[in-house]
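Chemist: Before I ask anything, here is the structure I am working with.
The values are calculated or read from the model by the stated rules, or taken from the named source; none is laboratory data. Small disclaimer: the values here were computed from a predicted structure and weren't measured. Cβ placement follows ideal geometry from the backbone for every residue including glycine, while neighbour counts extend to all protein chains displayed. Heavy atoms of the whole protein, side chains included, go into the accessibility calculation; ligands, DNA and RNA do not. Shrake-Rupley method; radii C 1.70, N 1.55, O 1.52, S 1.80 Å.
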Amino acid sequence: MEKFQESMYKLIVETSTKLPKDVRRAIAKAKMRENAGTRAAMSLATIVQNIQMADENVSPICQDTGLPTFKIKVPVGVNQMEMKEAIRRAIAQATKDGKLRPNSVDSLTGENSGDNLGIGLPVIKFEQWEKDYIDVRLILKGGGCENKNIQYSLPCELEGLGRAGRDLDGIRKCILHAVYQAQGQGCSAGFIGVGIGGDRSSGYDLAKEQLFRSVDDVNPNEDLRKLEEYIMEAANKLGIGTMGFGGETTLLGCKIGVMHRIPASFFVSVAYNCWAFRRLGVITRTGDIQEWLYQEGDDVDFQQEKTEVVGEGREVVLEAPITEEQIRSLKVGDVVRINGMIYTGRDAIHKYLMDHDAPVDLNGQIIYHCGPVMLKDENGKWHVKAAGPTTSIREEPYQGEIMKKFGIRAVIGKGGMGAKTLAALKEHGGVYLNAIGGAAQYYADCIQSVEGVDFLEFGIPEAMWHLRVKDFTAVVTMDSHGNSLHEDVEKSSLEKLAQFKERVF
Ligand code: SF4
């Protein structure tokens, strides 16, 4: 079991830090399709640079190392209880070593267990088979994309597409709608797994099961093969693009599975996974790793790729404290390079600040929606191991009020915010800056020092980290003049979605 635990540790570290070959090829293809100098090209250049840095540093590709799910096939007679314990120990060790962010939170008290263990976590699913070896597969799926999963109960009415009936064409409409509703919030371009049939829980299980298929495989069911191909082509005409900035690639992969259902129910379940599609697997007989899975085909050497991160907008350097005048001069599309201090803040802090004072003067300052991976050295000094943006829309109920209350001028996050925040930006003089979701190594590299921390009692991801940054790059996607790139892309993609209303299958 000791050897098996070591192998599981290697699997966890490799999954968190290195994307599989099939995923790399899909990203490289997307990068080639985008025109140089566009926002999409800039985002993909950042993503590629980030993948490279994660490889080199053996550090998490994205700071949200997600919910670990293991799928294990075992021969008859294998002790599953001992395997579970070995996996739990490996998870705790990987967390201690900064390869996983402490992500396991008590759902009632909000307390972070600190080691990624908890009731039901990690998820470990066993299946017996006739073969004489053990097949372990792991997926680390982050919250940003998990929150964009969606389930349809047919028949239903869909925005832009009309009636979706209980047939292949209705299924087609649901899948297209699933891609549309995710916009850039799940860190597009993404991969989707679709489950047709089952009940609400087995349908989602089937959808997630599809994410374990190789990006390049061919569906043996002819109808589903055609549907997968169709979805890839149609979804990439929606113009949502990387990070929802617009562009040629919205979807990197689509895998569809089917199971029986009861006559009364007809579910289509869609599991959305971001570009940071971290899933790997190993084969073992004696506990040692005998084979790594998902290794077939050519690898992409991103070192060889030209990864200059340049955008299409005007470039502006910002350093806090920022004046209202400076903010009002910014327009959607401007590329901002930030120097100086920024403060992290996500769900717990936003809720707290509604009714309490801030521990630091936030007047003219920048808030970063980020839950980093941090490690403390033996001298008590904190180091940033991964620090990309988290999904901002969760702070929509609080953001505008907090900006006005404390005089905050800029918020960095990903995926954009809603009408309430947009109105507050206009009234108060603020901007929303979209950083590249998942680019946790790229942004960690921009952080020169950790100058302090507050609210550590909320857990590492939820604490307020005081970070000094240099050349931290983001795009203005919501400005103080009432403009929102997110609103524009959503509107134009809905118009494009409507062209797929007619029956195809
Ligand atoms: S890339 Fe985006 S959606 Fe994926 S885990 Fe990271 S922050 Fe979440």
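Chemist: Extension gain LYS331-LEU456, at 0.36 nm per residue separation less the Cα-Cα distance, in nm?
Modeler: Details: separation 125, 0.36 × 125 = 45.00 nm, distance 3.53 nm.
Using 0.36 nm per residue and subtracting the Cα-Cα distance, I get 41.5 nm.
Chemist: How much of the DSSP bridge set in the stretch 345-500 is antiparallel, in percent, rounded to the nearest 5?
Modeler: 65
Chemist: List the cysteines of the chain that have no other Cys Cβ closer than 4.7 Å: which are they?
Modeler: CYS62, CYS156, CYS174, CYS254, CYS370, CYS446
Chemist: Moving on to the next point. Which value, in debye to the nearest 20, describes the size of the charge dipole of the chain about its Cα centre when Lys and Arg Cβ atoms bear +1, Asp and Glu Cβ atoms bear -1, and nothing else is charged?
Modeler: Working: 61 positive and 70 negative charges, 141 e Å.
That gives the chain a dipole magnitude of about 680 debye.
Chemist: Okay, moving on. If Lys and Arg each add +1 and Asp and Glu each add -1, what is the summed charge of the other residues whose beta carbon sits under 15 Å from the beta carbon of GLY170?
Modeler: +1
Chemist: At 222 nm, what value in deg cm²/dmol follows for the chain if DSSP H runs of at least 4 each add -39500 (n - 2.57) and the sum is divided by all its residues, to the nearest 500?
Modeler: -10000 deg cm²/dmol
Chemist: Any idea how many Lys pairs in the stretch 60-184 come in under 19 angstrom at the alpha carbon, given 8 or more places apart or on separate chains?
Modeler: Value for the stretch 60-184: 12.
Chemist: Here's something else I'd like to know. Which of the peptides 480-491, 459-470, 350-361 is most tightly packed, and how do the rest follow, going by the mean number of other Cβ atoms within 10 Å of each residue?
Modeler: Result, highest mean Cβ count within 10 Å first: 459-470, 480-491, 350-361.
Chemist: Just to confirm, what accessible area per residue do you get for the chain at 1.4 Å probe, in whole Å²?
Modeler: 40
Chemist: How high is the relative contact order of the chain, given as a whole-number percent (alpha carbon pairs under 8 Å, six or more residues apart)?
Modeler: Details: 1237 pairs, mean separation 98.3, N = 505.
About 19 percent, as a whole number.
Chemist: Defining a contact as two alpha carbons under 8 Å apart and six or more residues distant in sequence, what relative contact order in percent does the stretch 406-505 show?
Modeler: 30
Chemist: Report the antiparallel proportion of the DSSP beta bridges in the stretch 58-140 as a percent, rounded to a multiple of 5. Write down the numbers at each step before the final one.
Modeler: Values: 8 of 14 bridges.
About 55 percent, rounded to the nearest 5.
Chemist: Separate question: I want the local charge near SER202. Using Cβ-Cβ distances under 15 Å, sum +1 for each Lys or Arg and -1 for each Asp or Glu among the other residues. If you can, show how the numbers build up before the last one.
Modeler: Working: positive: LYS71, LYS125, ARG200, LYS208, ARG261; negative: GLU127, ASP199, ASP205, GLU209.
Summing Lys/Arg as +1 and Asp/Glu as -1 gives +1.
Chemist: Quick one: of the DSSP bridges fully inside the stretch 249-352, what percent are antiparallel, nearest 5?
Modeler: 40
Chemist: Still on this structure: For the chain, what % of the accessible area comes from carbon and sulfur atoms, probe 1.4 Å?
Modeler: For the chain, the apolar C and S fraction of the accessible surface comes to 48 percent.
Chemist: Find the percent of Cα-Cα distances in the stretch 164-219 that exceed 17 Å, and round it to a whole number.
Modeler: The share of Cα pairs beyond 17 Å in the stretch 164-219 comes to 49 percent.
Chemist: I would also like to ask the following. Kindly list the residues of the stretch 321-351 that lie in the label zone of HIS466, defined by a backbone N under 12 Å from the point 7 Å along the Cα-to-C-beta vector.
Modeler: The answer is 341-344.
Chemist: Give the relative contact order (percent, whole number) for the stretch 442-495; include only Cα pairs under 8 Å separated by 6+ residues.
Modeler: On the way: 49 pairs, mean separation 14.8, N = 54.
With pairs under 8 Å counted, the relative contact order is 27 percent.
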